[in-house]
Each structure stands twice: as structure tokens, then as C-alpha cells.
Amino acid sequence: MNFQTVKPISRRNFLRGTGVCLALPWLEALSARGVRAASAPAVVPRMGMFYFGTGMNMREFYPDGFGRDAGLSRILKPLEPHRGRFTVLSGTWLEKGGGHGGAYPFSTSIAIGEKQAVSPDQLVAELHGKQTRFPSLQLSVKRGTGFGSQVLATISWNRQGVPLAAENDPQTIFNQLFRPTDEQQQAEQADEFRQRGSVLDAVLADARQLHARLGAADRQQLDQYFNSIREVELTLRREIDWADRPKPQPDLAGKNYGDYEKAVAPEGNGKFVYDTYAKLMYDLIALAFQTDSTRVITYVVRTELAGGVYPEFGVSKGYHELTHHGNDPKNLDELAKVDTIYMQHWSYFLDRLASIRDGDGSLLDHTMLGFSSGMGIGHSKDLLPTVLSGGNGLGIRHQTHVALKEQTPLASLWQTMTEKMGVTIEGRFQDSSGTIGELLG
Amino acid sequence: MSAIRETRTNGPAIQLALTGLIVAVLTVVATRGDAFELDVASVLQEYCVRCHGPQKAEGKLRLDQLKADFSVRDNAATWIEVRNMINLGEMPPDGEEPLPVELIESTSGWIAAGLRAAEQQQLSTGGRVLLRRMNRYEYTYTVADLLSMKFPTGESPLDVLPPDGTAAGFDKVSTALLLDPSLMSQYYTVARRIAERAIVDGPPAFPTEKMRLEFEDIAESGAISYLVTRLGMRPVPGGLELIEGNTRSFGMLRYPGRRDNNVAPVNGFYRFTVRAGGWPGADGQVPRIQLSHSHPDDSMKSIMEVDVTAPWDKPAEYSVIVPRDTLGNELSVRIVNEVSLYMGQRPGENFMQRNNAAGDENDFAEALRLAGRKVAEGWGGDRSTPDPDKLDVTRFPRVFLDYLEVEGPLYDQWPPASHTGILFGGEDAKTDLAYAREVFARFLPRAWRRPVDDKELKPILAVVRQELESGESFHEAIRVGLATALTSPKFLYLAEPAVVTPSDDNAVAATRPLTEFELASRLSYFLWSSMPDDELFRLAARGTLSRREELTSQVDRMLADPKSDRFVEGFARQWLRTDTFLAFTPDKYLYKEYDDKLADAVVREPLEFFREVLQEDLSVLNFIDSDFLVINDRLARHYGIAGVTGDEFRRVPLPADSPRGGLLAMAGVHQAGSDGIRTKPISRAVYVREVLFDNPPDPPPPNAGEIEPNVQGERLTVRERLMQHQQIQACAACHRSLDPYGLALENFNVIGLWRDRQDGEDFRGDKTPPIDASGRLPNGSDFRNFDEFRQALRQQEDRFRRSLARKMWVYALGRPVEPSDDPMLSQAVEEMKSGKDSLRSLIKSLVNSKAFVTK
């Protein structure tokens, strides 16, 4: 394979694409399910988990009052058109959160520095992943895992407690999901599969040779290598399975979708505009759900510490600087302003999902989207900005604002969503206090 | 999840199962030999157990049953809660007898120490160096050295491999260098790409070409219509004269056969040459020119900036080789020290000033009228009226541009060195499996950094055979084999396998001396972040590397090699935390002088300083205080130091009246300890204690808060507001041993400028309160100002030496420091001292220590 011959995609995306292609099962280059299999259930549930790093200005977040008609706060005002399709949950907390390490316990309740465990989205992927081209998707505003630093870029963890790397380039993701494999690629594909397979065999043999000569402690380290090889082999097998099915072609015409060919990734160049980016990313999620390319997604919308503020927001400082507000009214005001912009994008996302027909309702009816943060305001463990949206058609009963029992672990929300996806959790997920009855009606 | 609640049972943990606190604490005394515990026991007994004991157990908490084993997560969590409650002054509650400050301090300190010990134990490897994978820098450097490869922009493994985890402050520690499936796949992808570059078929797709633009040709083109309207540009015989503005390439420069305006048809390295001469201005200033590329990525725009010192009539070539990708467009040459030859406004008029005045008076109609008049009369911009005072252009720096030449893509050789090195038999060699065996028998020992036996060749040869049998070309088969070698754990991991096969999984093998090859790798990954070179391999094969005098002389050789820059980048960057310097951006309205060049310079300063100390064998105590600086022109301007031109860093003697000198006077440190509008003394204090003394303070209680802005009408300094906070007794306990380290730096503002009076936030005018940087260190030494503070730190130079030795220990061994390392660290400190406190003497001591040379 010669890199210069791969013409249509830019080099950066091509290279990155191939990297991710192997990296994540969902980024395989493959075919789609044009028609949903006859055996598929009448309603296909989907779910997404979203991380907004560094908390929000919680002084202007919670609705006024409780119940369906609660008055929306400044930050949540953009969600007004979707009343009845979301619920703000006050009372959630993260025992191990409340600081910039808060992304670590976000989905698993396990503190930074501790051995991690499988995250809810991966439990769902184990059940639903067999039926979709990509078992799950990891998206983020920052690429990779960021593991070890506070700026964690992913909230997905596999069975070994290893973080799953996220992708941040809309064009790369779009191509992986929808770009048809051209003739040349198809011709090369068989060779590529064979080569990858035999390399995996050979390095596994190497690993066994090495393993035999290592002491016990070193062997434990090498276990990660064996696990990874096993996963990569599974991915390869999956790719081969899907190779002869064409990818779905989403219908983008006349629906105000952005141009994925011209998409700019956050670390790209001066042409990056967050507003455009946010919409491209949310639309990708909608498209991936619509085409049943995957049923579960995690998305780090905003990381800890860095970023979160872009020139077009018209505020004077970075997000992290603003959260260290020192009770300065101007900082708090600008913080709320930025949070409101993020909620405008969220509303755009809900609009999109609501506009797509799915079975007997809309895509939003069959999709549960939970977002929160690793902290509330001022590094607090409670006062989290927790909201569940969508899923009315899956039996979620929305009521705008619900006060949960104080210190209800965030894991309870994940358990609620996970069980609604049809996953049976024996006992409780992490420190969850069980499913949240208020949401189940 | 039960796994996470599991009691950890490894190591000599403080495993206690006790029914009463007193017993618990006494036992801890026996185990840890610490004098505090007795006090802690009696404190809790006296102040807490009445409510949190068998009688009441308020909040479901029974401190009489709380065990002192911090390695159990739930115990540790409860202890943290206890510490937070007493630190916050919330316990004992109102109405109960408060806990005296000394007792808060000792109890809280005891808990913090226990937590730290438990954390260390969790990280502990029992003093052994564990198997670890390379971090992404090491991977990239290793490939570069192994295959003599250079990576153009966007094609380095660093652009694909994600950032690595860190532990104990460095990306060298095995417990943080995890491997997950996505990384595994990326290793494979990267290895395939490397193989593509390493072995080539036929001539390059884009041969090296020379492209030249003669500037006089612009006059022949349509662009002349543009040129003749400009005062600052003039076609002259043989070229173009530039006084103001810039000239583009006007579509006259492109790679042959291309339709776009790009000189780079493929990612690679290109040589850019400008032939130019100049007239200095009346003040002797020579023209400075900048060659730039129109490019969507801002960081790719600049190609070179250079002073044209060659005279007008004897132009010289100014050249640079830089990586380019295919996204660039037109090139342009600009004169940097240009003179504006046009008038900004009508003589006698000052639109800006009048406009501002109108704005202040809310007279918007007048402001609009002024702005409109300025446009209508054609003032401002480069189409404005020539300035009559500047008609004699001979007074200004002028540059004569002869030609601009681009050569590329450049290849060191073709086929590349990797190709000829691996396929040693040349193009005529017989391409069969026997040759492939020879190829890999030669290649693998270098790739895997040790001798490789026949059995180990088998898996790769199986891959090569399969490719050949599937009809792939020999080159392609070798490429797949190469990708295998680079994806193998034998390449990715720094492995030190047992010499004999371990028979029992649980047996703790006795320590053994490293093999010669293992030692070569430890040494080269320590100082070069890469594989050993031929010399190290040769010594290892001969079996003489492990000799003390040989190790020592290899250190000297390796530090003299340019590859030792990677040690600066790897160690100093992480030790001095330069990655964190720009976490907060200074407010652009308060600190108008702050710009990108300064941001870049403040991050580089400590690294360049370290390089100087390392290479010139200066004392490490210079980090505490120095009589020199290592700065460039931008920093010199920032620090008010005259006579420094050019953006390269160099050593400059410290002027007698300058407050600079040492790490703590560097602007990057001050910026890191600021939030953009005000200083954060606590954060600076933490930096001083952790970086200079490896002595992290106890963590703050939750919601510890920030320094708040002044209430309307008050003008308290940051220090005064911090002191208010300290009046809460519970806070004072910790803060008195912390704050002085940060308050001592209060004379340095958010961007590291010296200030005698409070600035930032909304402090303006002349009557701002003065800065007080005095204080008392925990050891009792008083200081009145920053200079005395530095002197007080000099009194603790042994603490600093030891802290530095510990950091480098972690970096060199890839594991945390263990109590058993103490004697070796003491020796390292002594040897450094007797070696004039040079980094070299510390490094030599470390590589000769028992921990470094044994597994």
C-alpha cells in the first residue's frame, strides 16, 4: 500500500483513519446494513453518555421548582422546546469526583489512580455490539485517552479497566462510518487482512517466547500485551465479517448537515470554529444511530482543565480560568454564558434526533442521552449538572426536574440507562443505589 | 464491584485487625516507629470518641473501630473525612471544646503521612525495575535511530501515538505505561507506515527539483501593476527593492508539472534559499526579512526570518531546510523592520484620540462622524497619502531581493539508508527466503537490542514466507516482516528477561547483575531516550561496558552527543513541569505586552537553563540562585536586560540590579502560579515545595476555595486576602508551613514582571498597595524579601540535592523511589557534591549504583 496513491482523503485523515480503523472495532472500513435484519426488535434502543468537564455554573443551572412545569434556568433555557423529553436530576453526586480527576470516576465511580473497571457503555456494547458494524463509538474533543493526566479524553473502559481511545476529527469518523470502500481498497483488503492476521500470529508467538523467560512481576505487565492482541484479533475477525457488506449512505441532502469533507479538528488550524464542530459531531452521533452503525456512544464534549471556550463565544477567558471564578460576578456571568452556548448545541442535537423518524416514533424517543460532569461548581462532588434526555419510547418518564435523594450516586443513572438497554446487571453497578424509580414511572 | 473494595495484601502493609483505637494506634507505633501516633490516639479519644464511639456513633461513624491501615480503601476514605472535618473546623462541632491548632496539625499530618505511605506502597515494585513498554518519545527516537529516519511534519509516530500516562511525575514508569487494544493497533499501523518508508520500490515518485523565482521576473508579469502602486517596493536591475510590505511569488513558483501554487508535491524536507543584500538604515539597522508560506495551519506559516547583513551590491544566499506538507500555497518575503511610508491621518489631526474622547463623553454621533471622515478622506491603510517626511527612503533599512529558490523534496540518499541497510545484499541479491533469513538475522539484534537466536527468527520468517507464497513481491514481504519486528513485544518492551527460565511463578528471584546488553539499553534509554548505538553494542558484545570506568566514560560520550538533548526534553521538561506553564492565559487587557513569542520563551527558558547547567558542568545550585541567565531577545526585553538580539537562547551575565537568577525568578514559574489576572501564592508555594524539595504539602480540604476578588471599595492585596483566610485557626495549621514559599514570590506578577505594588485584577493608578514578600520558613529562618528568601533556600541546599537525586532516580529506573534506596541516594548526593554539584556527577553516580546495574 503506497501512501501517495491514497488520493481522496487528506493524508492526515487517512493515516489517522487507518490507525483508528484497527484501534476500534467501530472504525472498521466496512459495509452496512442497508435493511435492518428481520429479526431485529421492533424498537432498537440506543444510548449515549456525555461528559462536560470542569462542571458548570450551578448557581444558574437548576430549574426553578420541580416537576414537569419547573421553570428553566438561564443555562437550560435553550431546552425549552424539548420540555417533556428531558429531566434534570438534582441530588446526584460522585463520591470520588469533585476535582479535576473527576473524569476518571465519571462512568465507573472509581477514583483517579485506582484500577479501573468496565464502563456502562461497554456493558451495553457487549450485548448490542454484535448486531452493528461498530460495537461502540468513543468521541471526544481531544484525541486519544489522556490517561494518567487529569485531562482524560475518554470515559470508556474495557473489561481490563483499560481506557479506550477516543477520536475527535469529524471527517475521520465520517469516513469510517460512511465512506464507501473504493475498488482499489477492496482489492487490497484481502491482502491487508492476511498480512495483519499473520503479523498478529507472529507477535503472539514472540510474546509467548518472552513470557516464558520473565519473572512473575514482569509477566503481569506483559498480560496487557496478550489482552490487546486478543482484542485486535477480534476486531480483525469482525472486519472480515463485515467486509462484503457496503456501508450505509446517509441522506444528507436538504437537511442542513455540515460539510464533513471540510471539517476541521480541534487541534487543526486557525479555521476551527467550535459552533460548526459541535454540530458536526452531534450530527455524526445522530447519523450513526440512524443507520444503526452503533447503538452506544460516549462523547467527552469538554475535557477537564483545558479549553471549552472559543473566540466566537465572546467571553474574556478560558473555561478553566472562569471556573476559578473567585465569586467575581463577571466570571460567573461569563461561565453561565458559555454553559448556555453548550446547551444551545445540546438543543440542536435533540432537534436533530427528534426530526429523524425511527419505527413508530422519532430517533430521540428511542435514544437515552445522559450528561453530567466530574464536578459541580468549585470542585464539588455534588451539585452535578446531571440531565437525562430522550428515551420516552423506551419507557423513560420525563418530568423536567426531579430531586433525588441527596448523594444519589451518578452510577444509579448509568444503571438505569444500562438496564433500559436490556443489559442485566446483577446486583448494583458500582456504588449505584439501584435504578432511579422517578424516571421509570 | 468487589474488585475495587478488595483489601490489598501485597507487601508489608500495616495490616491491623483491632477492636480499639488505642490498641490500633499503639500497634502502628510498633510498625511505623512514628512518635505521633500516641498523640493522635489520645486526641481522638479525648475529642471525638464520646460522639463517634460505642455510645452514640453519630453519623454512623465509630472512630474507636477505625483501623489505622491506610491501604484499605474504606479506612483511608474515612481517615480523609476525619482530616477534612477537623481541618475545616467543622469537628468538633459548635458548642464542643475546639481542637487546639497544634493537635489539628499533628493529627492531620499523621493522616496525610499514612495516606502517602499507602499510596507509595501501592506503586511499589519492591525496589525492582519492571518490564515496561517504551513511551512514545522513546518509540519515535528508537525508530529514527534504528532506521536512520527523519520524519516530516505529520508523519512522525509522535503524530499518531497518543500521549502516555505518567506516574511519580514521569512518563518512564512502568505502572503508567499501559497498553490497550487501540494503542496496539496504532503500533501496527505506525509500523506499517515505517516499513513503507524504510523499503522502497524504484525511484522516488517525486524526484528532487530546483524551483527558482527571479524577482526581476515579477516586473515582467502582470503583478507589475500592483508593484508600481507601492512606495515600498521598486523593481531594480536584477531584482526587487523592499522597504515596506511584502512580495508574493505571484504564481511563478511551483513544483514542475503541478497546477497549484505549491512547491511541495509530497510531505518531506525542502531547502529554501533567498539571495539578498541590504542597505542599513541611518541608525545602522540592517533589514530583517521573513520568508513565509501561505498555509491553513498557522504553525506552518513561517519558514525563516533572517537579518540581511550582506551588502546591497554583494548579495548572499540565506538558506534553511524545513519540513513541508502539501497544503501550502504562495510564498512571500516581507521586510520585518519596515518603515511605514504612508500617513495614518491628516497632519495635525488625531482621529484615534478624538474618537476616544467622543466615546468617553457618550457622543456617539461625533464618534461615527470622525470614523466616517477618516474613511472618506482616505486616511489610514497603505493606500493613504505618502508621508512627506519619509520621501527620502535612503534613511531606512532596505533590502534587495535577487531570487528565491526552493529545492526538494530532499532525500539524504535514494534508496534511503534504511533500504540499503536492511537489504544489505544490494539490488542484485537473490530474493529468496534464505536471503530474507539473513536480512532478519542482521536486523533483529539491533531492533531488539540484544543477541537473537535462530528460534526467535522463526515467527517472522513464517510471515515472510506466507507473503512470498501469496505472490507479494520480495520487498513487500520484507516490509511485512519489518512491521512484525516493530510490533513485537521484543521491540516495544524494554525487557530484562531472566537468564534462566523461572521455574516457580511465585519465586522472587534474587537480584542479579544486568547482562551487558540490558545495561546498554538502560543507559541509552536514560540519556538518549533511545536504543544503544554501535559503540554501546560493541562494548556490550565485548563484555566491558559494565566496568565502572567504562560506564563513566560512556556517560561523558553520551552527554556530548546531540542525542542528549532528549534527556533535557525528557527529564527537565517533566521535572520542571514546563508543560503546565501555559495552563492559564494572562488576561489580554491587563497584560497587553504578553504575546506568543513570550509564551514560547517562558516555557523554553528553564529547559535552556538546564541544558546550560548540564553541558557546562555548572552547579545545580544555580537552580536556586544564579548569577547568569539563559535567555533570548524576547525574554531579555521582558526582564529589562539590554544587548540581547536574536531568538536563540544564550548565557548572559546577570546585571547587578536585576532580581532574576535561579528557577524561581523565571517568568514561566510565575505564570504557572497565576490565574490570568492575579497571582496564586499557594499554587506557587506548592511548585517550590514539590519541584525543589520533593516535599508535597498535604492536600487541601474540599471546597478550599479561591482568593476572592476585593469587595467594592476595598483594595486588599492578594497577600492580605490570603491572611484573612489564615485567621481561621484550622487553616492556619497547614498554611503557615506552605504560604511563605509562595508569598516570597509576590513581587513577580502574573506574567513574571517585577512589581513593587499590587497590580492585576482591577488595581489601577498610583495608589495601589505595596507588595510585602516577607515571611518565615518552617525552619524558622526569616526573610524580608525575595532575595533573602533565595538565600534562605540556599541554606537548605542538601534537601534540594536529595530531591533532585530522587527525581532523576525515578527517571533513570522507571520506578518510584523506595525506602531501601536511601543509602544509594545518600551516596549519589555525596558524589554529586564532591563533583562540584554538576548534573554529570549525579548521573555518573546513578548509573554506577547497584540499583541501576542489577535486575
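Values in this text are rule-based calculations from the coordinates and carry no lab data. Only a predicted model underlies this, so the values are computations on that prediction, with no experimental measurement involved. Positions of Cβ are backbone-derived with ideal geometry, glycine not excepted, and every protein chain shown enters the neighbour counts.
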Exercise. Once you average over the residues of B:575-588, how many Cβ atoms of partner chains fall within 10 Å of each Cβ?
Worked result: 2
For this session: Please list, in chain and number order, the residues 5+ apart from B:Tyr318 or on another chain whose amide H is under 5 Å from its amide H, with Hs placed from the backbone.
Result: B:Val274, B:Arg275, B:Ala276
Exercise. From Cα coordinates alone, what are the radius of gyration and Dmax values for segment B:575-795 in angstrom?
Worked result: 17.1, 53
Problem set entry | Förster-model FRET efficiency, 60 Å R0, A:Asp244 and B:Asp595, C-beta, rounded to 0.05 | 0.60
For this session: Could I get the Rg over Rh figure for chain B? Both from C-alpha atoms, Rh via Kirkwood, rounded to two places.
Result: 1.02
Exercise. Which peptide among B:607-620, B:262-275, B:283-296 comes first, and what is the full order, when sorted by highest mean count of other Cβ atoms within 10 Å?
Worked result: B:262-275, B:607-620, B:283-296
Exercise. Applying 1/(1 + (r/R0)^6) with R0 = 22 Å to the Cβ-Cβ distance of A:Arg213 and B:Ala441, what FRET efficiency is obtained, to the nearest 0.05?
Worked result: 0.65
Exercise. Direction-averaged shadow area of the convex hull around the Cα atoms of chain A, nm²?
Worked result: 22.1 nm²
Seminar exercise, completed: Summing -39500 (n - 2.57) over every DSSP H run of at least 4 in chain A, dividing by its residue total and rounding to the nearest 500, the 222 nm mean residue ellipticity is -11500 deg cm²/dmol
For this session: Among A:Asp206, A:Asp241, A:Asp283, determine the one that fluctuates most according to a GNM of chain A built with springs between C-alpha atoms less than 10 Å apart.
Result: A:Asp206
For this session: Just need the Rg to Rh number for segment A:328-441, please, alpha carbons only, Kirkwood Rh.
Result: 1.01
For this session: Take chain A, connect every pair of alpha-carbon atoms lying under 10 Å apart with a spring to form a Gaussian network, then pick out the residue of A:Thr386, A:Thr424, A:Thr54 with the largest mean-square fluctuation.
Result: A:Thr424
Problem set entry | Relative contact order (%) - criterion: Cα under 8 Å, at least six apart; region: segment B:347-452 | 11 percent
For this session: Ignore the peptide's own chain and count Cβ atoms of other chains within 10 Å of each Cβ in B:186-196; give me the average, rounded.
Result: 5
Problem set entry | Of the trypsin sites (Lys or Arg not before Pro) in segment B:388-433, those whose Cβ has at most 12 other Cβ within 10 Å and which sit in DSSP loop | B:Lys430
Seminar exercise, completed: dims of segment B:446-583, Cα set, principal axes, largest to smallest, nearest Å -> 53, 44, 34
For this session: Just grab the label-to-label distance for B:Phe693 and B:Gln827, each label 7 Å out from Cα along the Cβ direction, in nm (one decimal).
Result: 2.8 nm
Seminar exercise, completed: Output for the protein assembly as shown (equivalent-ellipsoid semi-axes, sqrt of 5λ from the C-alpha gyration tensor, Å, descending) is 46, 42, 38
For this session: Could you please state, rounded to a whole Å, how far the C-alpha centre of segment B:262-339 is from the C-alpha centre of segment B:192-218?
Result: 21 Å
Problem set entry | For segment B:81-97 versus segment A:75-104, the gap between their alpha-carbon centres in whole angstrom | 31 Å
